[in-house]
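Structure record follows, encoded as structure tokens.
The values are calculated or read from the model by the stated rules, or taken from the named source; none is laboratory data. The structure displayed is predicted, hence computed values, not measured ones. Methodologically, a virtual Cβ is constructed for each residue, glycine included, from the backbone with ideal geometry; neighbour enumeration extends over all protein chains shown. With ligands, DNA and RNA removed, areas are computed over all heavy atoms of the protein, side chains included. Shrake-Rupley method; radii C 1.70, N 1.55, O 1.52, S 1.80 Å.
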Amino acid sequence: DWSSDVCSSDLACWGYNSYGQCDTPDGVFTQVSAGLLHSIGLREDGTIACWGSNGDGQCDAPDGVFTQVAGGHWHSIGIREDGTIACWGWNSAGQCSAPDGVFTQVAAGAYHSIGLREDGTIASWGCVGWKESVCDEPDGVFTQIAVGDFHSFGLREDGTITCWGYNDGGQCDAPEGEFTQVAGGDGHSIGLREDGTVACWGSNGYGQCDAPDGVFTQVAAGRYHSIGLREDGTIACWG
């Protein structure tokens, strides 16, 4: 997943802005997430703001109070206060056909979505053709989930990473060791080790896996770039 906690009334956004996806609204937010050409923010009152491309309804967020949001290529997801999932936007592969149940986390890929149930098991939906393996979720109990465009991750209770889905660039070949967070781009992946250092694996054609040295508290991945939040609160970006 590639969302960030924002504890300020001013969102900062930079990069490609052809659809207004960097034209952030006013207000105080507790979480943000970026889709392909749209952005989503969770306001401090739990309502959702969405801006950018809306050709498939991915910015038509429902009313209500939410605890988390996530953006895919052309769809969006939110967890309501009661733990149920709402999805909106393009549903060509069933990526918006969320299952019933109570969830603690959601993540959105290109055409698929995954959710972490309150018992720690993973549910996946929205899988088509040769990318069906992206929904082959593993058994077991997990503490965190994340997705890339066509691959998914689960962080197990012991801190090890399990990855499944499309693996053309080695993006599912997670290293050994204990991690506190994972994130995925198009063909690359990032993990934050227990000691705060960053591990990257998969495609590196744009330098998106050339992680800098140092101690970090959070990582995120775009399609061909990566971001890390240093322990002093400054941002490092590569790719």
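Observations on the model:
- Span from the region 137-151 Cα centroid across to the region 168-239 one, whole angstrom: 16 Å
- Alpha-carbon centroid distance for the pair region 101-121 / region 33-76, whole angstrom: 16 Å
- Comparing Cys13, Cys50, Cys163 in a Gaussian network model of the chain (Cα springs below 10 Å), the most mobile by mean-square fluctuation is Cys13.
- Rolling a 1.4 Å probe over the protein heavy atoms gives region 1-126 an accessible area of 41 Å² per residue.
- Using C-alpha pairs under 8 Å with a sequence gap of at least 6, the mean separation divided by the residue count of the chain gives a relative contact order of 10 percent.
- Measure of compaction for the chain (Cα Rg per 2.2 N^0.38 Å): 0.93
- Cα-projected label distance for Asn17 with Cys237, points at 7 Å along beta-carbon direction, nm: 1.2 nm
- Accessible carbon and sulfur surface of the chain relative to its total accessible area, %, 1.4 Å: 46 percent
- Contour minus Cα-Cα distance for Glu176 and Val128 (0.36 nm per residue): 14.3 nm
- Computed Kirkwood radius, in angstrom, where 1/r is averaged over Cα pairs of region 126-166: 10.5 Å
- Net lengthening on full extension, Asn204/Asp45 (0.36 nm per residue, minus Cα-Cα): 53.3 nm
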